[in-house]
Amino acid sequence: MSGRTTVERPVGVDVHGVHKRFGQHRVLDGVDLRVRPGEVTVLLGPSGSGKSTLLRVINHLEKPDAGYVEVDGEPIGVRRRGGRMKELTERATLVQRRRIGFVFQNFHLFPHLTALDNVAAAPVATGLSPRVEARERARELLGRVGLAGKADAYPGQLSGGQQQRVAIARALALRPGVILFDEPTSALDPELVGEVLGVIKDLATGGTTLLVVTHEIGFAREAADRVVFLDGGRVLEQGPPSEVLDRPRHRRTRDFLSRVL
Ligand code: ADP
Ligand code: MG
């Protein structure tokens, strides 16, 4: 791996007492979570338990009703002032959010841009790199996710697994300190899951901080430093995969695992 393709210094994420409700529906009910720099955390939980909402709060796509999130020790969207939290401007929040990569279930690529331009677009638009440099780096990143030959292909000409790998390269292009994945393989045909998980495992080995929502228990077992089980908007249990997956303490964790295994 060349020096230029390495990501930014890995950073930690600390979630402090986050509450979030939609109307009367309490979706996050006091979540505390620590992801240490360079660690891989897999977030498990039944459908509707609040996993996507938690990722969106971490990325400040959703504002928490109470509590806050720190990335690299810095509160997102707010700053402390005389013991109180004061909201940051949208612009200041955007700068913080760029340190957090996000990979979605449904890829979210721009259909009218080639793979190369999908990867190069954000660094140019945000002023991180001049166009020529961004395209050169995009080429390197596509190589890193095994798509060197697909630079000029449009998303519609790529398989789901290839599209998701482009999306991962695009996340890396902004040199994030942490990358959040929301069920990155659940929209894929089974035979394409492995190629995407392989790329995520490479990132994990490379020392990037990763928080991955997935039902792929095999991946959790192999790649995760910690597994967190979310249920009803609360962290029910967490620990190393050998504990949470093989000796779950709660019945709800056992029930969930018996359904997905
Ligand atoms: P998960 O990703 O674990 O399946 P989500 O975080 O997507 O769970 O959703 C948790 C609950 O919050 C669900 O009941 C969902 O319907 C609800 N929810 C999520 N986003 C919104 C929203 N923007 N408005 C209203 N309800 C929402
Ligand atoms: Mg979800």
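Readers should treat all values here as calculations from the given coordinates under stated rules, not as data from a laboratory. This structure is a prediction, so every number in the text was calculated from the model and none was measured. As a convention, Cβ positions derive from the backbone with ideal geometry for all residues, glycine included, and neighbour counts pool all protein chains shown.
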Is at least one residue of region 252-260 hydroxyl-bearing (Ser, Thr, Tyr), within 16 Å of ligand 1 (Cβ to nearest atom) and farther than 20 Å from PHE181 by Cα? yes
Among HIS60, HIS112, which is out of contact with any strand residue (DSSP E or B) (no Cβ under 8 Å at 6 or more places or on another chain) and either within 16 Å of ligand 1 (Cβ to nearest atom) or closer than 30 Å to GLN157 by Cα (or both)? HIS112
Do we find that LEU188 is under 20 Å from VAL42 (Cβ atoms), among the aliphatic types (A, V, I, L, M) and in a strand (DSSP E or B) in this structure? no
Working only within region 24-47, note down all residues that are within 13 Å of the chain's Cα centre (by Cα), within 22 Å of ASP65 (Cβ to Cβ) and within 16 Å of ligand 1 (Cβ to nearest atom). LEU43
Is it the case, given these coordinates, that LEU180 is in contact (Cβ under 8 Å) with a residue 40 or more places away in the chain and either within 16 Å of ligand 2 (Cβ to nearest atom) or part of a helix (DSSP H, G or I) (or both)? yes
Scan the strands (runs of 3 or more DSSP E) fully inside region 1-117 and keep the ones with 2 or more residues being within 16 Å of ligand 2 (Cβ to nearest atom) and under 29 Å from VAL227 (Cα atoms). 13-22, 25-35, 40-44, 100-103
ILE76 vs (1) under 25 Å from ALA204 (Cβ atoms); (2) of a type outside the set (Ser, Thr, Tyr); (3) buried (at least 21 other Cβ atoms within 10 Å of the Cβ); (4) in contact (Cβ under 8 Å) with a residue 40 or more places away in the chain: all pass except (4)
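Conditions tested, residue by residue: (1) touching a Pro at 6+ places or on another chain (Cβ under 9 Å); (2) away from ligand 1 (no atom under 16 Å from the Cβ).
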| position | (1), (2) |
| --- | --- |
| PRO155 | yes, yes |
| VAL166 | yes, yes |
| ALA171 | no, yes |
| LEU180 | no, no |
| GLU191 | no, yes |
| LEU197 | yes, yes |
| THR209 | yes, yes |
